[in-house]
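What follows is a single structure, written as structure tokens, with notes after it.
The values are calculated or read from the model by the stated rules, or taken from the named source; none is laboratory data. Please read these numbers as outputs of a predicted model, since none were measured by experiment. Positions of Cβ are backbone-derived with ideal geometry, glycine not excepted, and every protein chain shown enters the neighbour counts. Side chains are part of the model used for accessible areas, which takes the heavy atoms of the whole protein and leaves out ligands, DNA and RNA. Shrake-Rupley method; radii C 1.70, N 1.55, O 1.52, S 1.80 Å.
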Amino acid sequence: MTRYTRPSGCLRQSISASLRFSLQCSVLLAFAAPAFSQATFPSPTLTSISPLGGKPGATVELTLRGADLDGPQSILLNERAIPIKSTKPNLISLTLPADLKPAIYDCRFVGRYGVSNPRVFEISTLDAVESPGANAKPDNALKVAVGSVIQGAFKSNSPHWFTFEAKKGQSIIASFDGRRFDTRTELFGVITSTNGKELARMRNGVMRFVPPADGAYRMRLNELMYRAGDDYGYRITLSSAAPPAPRTVKLEAVCPIQIGQTVRDSFLSQGLPQIFDLPFKAGEKFIIEVHSHQLGHATDPHLVIENLAKDPAGKETLKPQAEVADAPAIVPAPSINLPSRDPSYAYEAKADGTFRITLSDNFASTQPYELRILKEAPQPALLIALNPILPGAKTKGGEIGSANVPRGGIAALEIIAPNRNALSTPLELKADKLPAGVTCLGGFIGKGQSLGYIAFQASADAPAGAALLSEIPQSRFVCFAVADAARENVLYRTTGAPALGVSAQPSPAFVQTEKTDILEVAADAKLEIALKVTRHADFTEALKLKALGLIDVAKAPEADIPAKSAAGKFTLDVKALKLAPGDYGFILQGPAKMKFRRGLEELKAAEADAKKAVEVQAAAKKQLDSANADATPKKAELVKVATAALKTADTTKATADKLVKDLTAKSAPKEATFIVYSNPIRIRVKEVAKK
């Protein structure tokens, strides 16, 4: 049998079982997606930042665009909290620590209402050149140097032109990936001679150029579709580097692989298969996983598993075992669709044997992948966290969101554990290194289950702030708000560790069960759970909370808490839900409407300015009275000056009074929809007693 495989060195990047397992034990993924449009409570949102990077030790004037950016405290660059030195409307000043390592960082705003979603900020030792936007024609090209960073934003549909010096034969690369930098920009670029002849063109965010002679060259950059605005920023690196070595594919033998081993490689072009032989012994349990799509690559891995047998003469016989194209379905379904095209297969061997594993990419790409043969599910497990939407809301799109706990309340993250199977053990969900005043209430995912909730509680006097959940190294967020997901894809970005914030806004209600231990119930019975409710003084409405985490949300049972009531009851009909014996975790969640005033900080500043305007006006009137009483020859000049000063003071006061009036109307109490959670609830369904 002739098949295409990797060269014999295809396992040169494989990792020993013990080392690879220890590395996997340190890996978690948390994805925090948005609070969606039906929730309107205050939560910091960053839609864009500029510039997109800076140099260690430099002072940066950072422009922030978004909403609810009140009470600025600091900027989080990954886990580093950098104090904000000064602020102006939409503009903050901060000094970057000198010991920051060159890398891509998650930049978050921290203020009165907690922490924002992340935006990308690059730390680089290269000098940066700011494109003013006035360089819209070749004759106005901005001079730059190879070995620098060029950053700017397309505020109009005009291109940006640059000029640089290069040596003959020098290998030059200009690179930018808009998705990597969390912008909408799809950059198009060309390099030309000074007389306009095109010499190089950007493809997939990379432009390679070898100058034919010493001299000056021009580079033109524009947004591919000529879109413009604050969301269309760029940060392109112009560097000198060696050209990539060509990759060759050879026809050779099947690669052996062992349980506990991981192979890191890339798919073969044209969808050609790569083949591995995996021997096993009777009684061994193992999991075959492919990781590529969930690592952020545009791939669709295809896994074929066959039983391999050989006769005494060495002739091979293959018998189908499994063909897997996608990851196992998540049950119950998560609140947000999060598809994974990476296959996974669990197996318990009844006898000695060998699997013939064939791996290819349906998209025929040459993107990287990892083939993992696990002795058991990795601990800690791969986790994906989402801010759940309010069940039953008919939202058509997604909005940018973040994870913040209101004072005196509870917030929860929906946790998805992909690649789970019947061999997967229960998961206790925990987190530490939390913001001041916050306690983790934990969470639970049962054996073989894929979904659960982890909850956090903030004390009534918890200070506004944020902390990185550093034990969870990755997270995921919506990049840009989408009004209608049927017309435009909701784009997510995988980031580093998620952040949890504390909002100075009190919660409308605090809901908890009277008992917090594991509640037991027979599989044919009903369970009544008593609830206690602590209400904010301004919240008196009834609460309707759904049980999330047991079954699909559309069929989830509800708890009704009457208006003004401090107690409630939740009845769980285990028989009707058809819950099999075992342990389960869930949480109650629902909307709560309460009036809220936005823009109070802006109003307070305007009132202070208006007060100063009154004082200046009074001083101007006093100055005019003094000038009118003057008996010297300078009286006319003094009156003229004082009259002009009073006129200016009157205008300033009128402007200040109007601003206060406008902001007072703008900050009037308006109804906002908050999300209320209970503490996590744990039940144990027992076998029906035999009669």
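See the values below:
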read-out: Qualifying residues in the range 212-228 (those that are assigned to a loop (DSSP other than H, G, I, E, B) and among the aliphatic types (A, V, I, L, M)) - the one most open to solvent (accessible area, probe 1.4 Å); value: 225
read-out: Qualifying residues in the range 83-106 (those that are closer than 16 Å to residue 62 by Cα and of a type in the set (Gly, Ala, Ser)) - the one most open to solvent (accessible area, probe 1.4 Å); value: 86
read-out: Condition met for residue 448 (part of a strand (DSSP E or B) and surrounded by fewer than 21 Cβ atoms within 10 Å (Cβ to Cβ)); value: no
read-out: Test: residue 418 is open to solvent by 10 Å² or more (accessible area, probe 1.4 Å), in contact with a helix residue (DSSP H, G or I) (Cβ under 8 Å, 6 or more places away or on another chain) and either within 26 Å of residue 373 (Cβ to Cβ) or not hydrophobic (A, V, I, L, M, F, W, C) (or both); value: yes
read-out: Flag for residue 595 being part of a strand (DSSP E or B), within 20 Å of residue 674 (Cβ to Cβ) and more than 26 Å from the chain's Cα centre (by Cα); value: yes
read-out: Residue within the range 457-465 that is assigned to a loop (DSSP other than H, G, I, E, B), modelled with pLDDT under 90 and open to solvent by 30 Å² or more (accessible area, probe 1.4 Å) present; value: no
read-out: Residue match in the range 81-91 (condition: over 21 Å from residue 231 (Cβ atoms), under 23 Å from the mean Cα position of the chain (by Cα) and free of Cβ contacts under 8 Å to residues at least 12 places away in the same chain); value: yes
read-out: Sole exception among (1) charged (D, E, K, R); (2) open to solvent by 80 Å² or more (accessible area, probe 1.4 Å); (3) part of a helix (DSSP H, G or I) for residue 671, by number; value: (3)
read-out: Checking residue 19 against (1) at pLDDT below 90; (2) among the aliphatic types (A, V, I, L, M); (3) within 30 Å of residue 453 (Cβ to Cβ); (4) surrounded by fewer than 19 Cβ atoms within 10 Å (Cβ to Cβ), the condition it does not meet; value: (3)
read-out: Members of the range 195-209 that are modelled with pLDDT of 95 or more, surrounded by fewer than 17 Cβ atoms within 10 Å (Cβ to Cβ) and in contact with a strand residue (DSSP E or B) (Cβ under 7 Å, 6 or more places away or on another chain); value: 198, 199, 201
read-out: Odd one out for residue 135 among (1) open to solvent by 10 Å² or more (accessible area, probe 1.4 Å); (2) assigned to a loop (DSSP other than H, G, I, E, B); (3) touching a strand residue (DSSP E or B) at 6+ places or on another chain (Cβ under 9 Å); value: (1)
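Okay, residues lined up against (1) under 23 Å from residue 438 (Cα atoms); (2) in a strand (DSSP E or B); (3) out of contact with any strand residue (DSSP E or B) (no Cβ under 8 Å at 6 or more places or on another chain); (4) not polar (S, T, N, Q):
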position	(1), (2), (3), (4)
504	yes, yes, no, yes
527	no, yes, no, yes
571	no, yes, no, no
587	yes, yes, no, yes
